[in-house]
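Here's the structure we're looking at; comments come further down.
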Amino acid sequence: KQWYQRRVAITAGDFLKDPRVTFTYSAGFTHYCKEQGIDNDSPTCGKAMLSGLMEKVTDVDEVAWAKYGIFARHPDTKDWPIGHGFTFYKLNIKNIYVIDYFGGATKHLNVTEYLSYKRPSWM
């Protein structure tokens, strides 16, 4: 996952001082839980937490890939002022936890397996 962020933005100031971050993604973001009659705050509405270190993207190929991804999905960002210091950051994932039932984050996924996942051909 990559982010296009200004160095002077509040969040960038935080992770530039301490790069440890955790992002939580909920199945509620996809409307799945609502469609299934599950409250978004219920542990049965699945959540994945990715934690690790935010790092500035410096590799030329990675920057090109990041630009392609952000500009294809959000074309207006191509026209944001260069002088504002936007740059790309990525999350160097150290831990992945999943909550999909009561009892807390009981599933700890292997980061290497997660990053090397190949989507099955039938998907």
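The values are calculated or read from the model by the stated rules, or taken from the named source; none is laboratory data. Bear in mind that the values here come from a model prediction, so they are computed numbers and not experimental data. So basically every Cβ, Gly included, is an ideal-geometry build from the backbone, and we count neighbours across all protein chains shown. All accessible areas refer to the heavy atoms of the entire protein, side chains included, with ligands and DNA or RNA removed. Shrake-Rupley method; radii C 1.70, N 1.55, O 1.52, S 1.80 Å.
The figures follow:
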| quantity | calculated |
| --- | --- |
| Dipole moment magnitude, nearest 20 debye, the stretch 34-123 about Cα centre, only Lys, Arg, Asp, Glu C-beta charged | 140 debye |
| Relative contact order (percent, whole number), the chain, Cα cutoff 8 Å, 6+ residue spacing | 31 percent |
| Per residue, in Å², the accessible surface of the chain once ligands and nucleic acids are set aside, probe 1.4 Å | 75 Å² |
| Angle between the chain longest axis and helix 60-73 axis [Cα atoms, degrees, rounded to 10] | 70 degrees |
| Stretchable slack from residue 44 to residue 77, in nm (0.36 nm times residue separation minus alpha-carbon distance) | 8.3 nm |
| Portion, in percent, of the accessible area of the chain that falls on carbon or sulfur, probe 1.4 Å | 55 percent |
| Estimated inter-spin distance, residue 95 and residue 107, nm [label 7 Å along Cα→Cβ] | 1.8 nm |
| Overall dimensions of the stretch 13-63 as given by Cα atoms, namely Rg and Dmax in Å | 15.9, 46 |
